[in-house]
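FYI, it's all coordinate maths here, none of it is from the lab. Note that this is a predicted model, so its numbers are computed, not measured. Here the Cβ positions follow ideal geometry from the backbone for every residue, glycine too, while neighbour counts run over all protein chains shown.
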Amino acid sequence: MNRLPLIRQYEKDYHDVCYETHELFEPGSWLHKPVKTIMELMSAFESKSEVNVLDLGCGVGRNSIPVAQQILKKEGKVVCIDLLESAISKLEEYSKQYHMMSKIEGVLSDIAGYRMAPKGNQGPRRQLHHHWYWD
């Protein structure tokens with residue numbers, strides 16, 4: 001028996017409730033802060049004039065929006081991929097609220113089926129958890 005659809009449904013239900021119950025950056029929720037390591041990694045891109053980030057499993061923007069704020073004065077953007085419509089919908093709302101619409105691109109997709117457009121012949125420079133960073 002393939003349990004993947006059942007697992008995905010439970011995950012969807014959990015996240016749908018979480019996204020409706022908690023606000024982004026709400027103290028006391030797991031949406032409170034971005035992942036510390038991701039934010040620390042951003043210093044590696046300070047000297048770059050262009051930074052493009054791919055956030056796989058982006059959710060509502062817990063990491064994507066702070067990363068977008070870090071690259072606001074640079075060329076580039078954060079492409080945010082998530083399987084859940086509720087996540088992408090909330091990501092778009094929060095992108096407006098935090099004035100990051102010009103830096104955030106939400107894409108509704110299963111990460112297994114998402115295909116990136118190649119950027120020259122370079123592959124990803126760094127990988128951290130489910131986030132890929134290019135410079």
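Odds and ends about this structure:
- Per-pair calculated FRET efficiency, R0 = 22 Å: MET101 and GLU23 via Cβ, rounded to 0.05: 0.75
- Taking every C-alpha pair closer than 8 Å and separated by at least 6 residues, the mean separation divided by the residue count of segment 1-101 gives a relative contact order of 27 percent.
- In this structure, the pairs whose alpha-carbon distance is over 21 Å, taken from LYS36/LYS96; LYS48/LYS103; LYS12/LYS103, are LYS36/LYS96; LYS12/LYS103.
- For the listed peptides 13-20, 86-93, a ranking on the average number of other beta carbons within 10 Å per residue, highest first, reads 86-93, 13-20.
- Charge sum, other residues only, whose C-beta stays under 15 Å from LEU6's C-beta, Lys/Arg counted +1 and Asp/Glu -1: +1
- Partners of LYS74 within straight-line reach, counting aspartates and glutamates whose Cα lies under 14 Å from its Cα and excluding those fewer than 8 residues away in the same chain: GLU46, GLU50, ASP135.
- Ordering of 4-11, 43-50, 59-66, 31-38 by burial proxy (mean other Cβ atoms within 10 Å per residue, highest first): 59-66, 31-38, 43-50, 4-11
- Cysteines in the chain that lack a partner Cβ within the 4.7 Å cut-off: CYS18.
- Percent breakdown of C-alpha pair distances by 5 Å bin, ordered from the shortest bin, for segment 4-134: 2, 10, 20, 24, 21, 13, 6, 3, 1, 0
- Here the simple spin-label model places points 7 Å from the Cα toward Cβ, and for LEU4 and ALA117 these points are separated by 2.8 nm.
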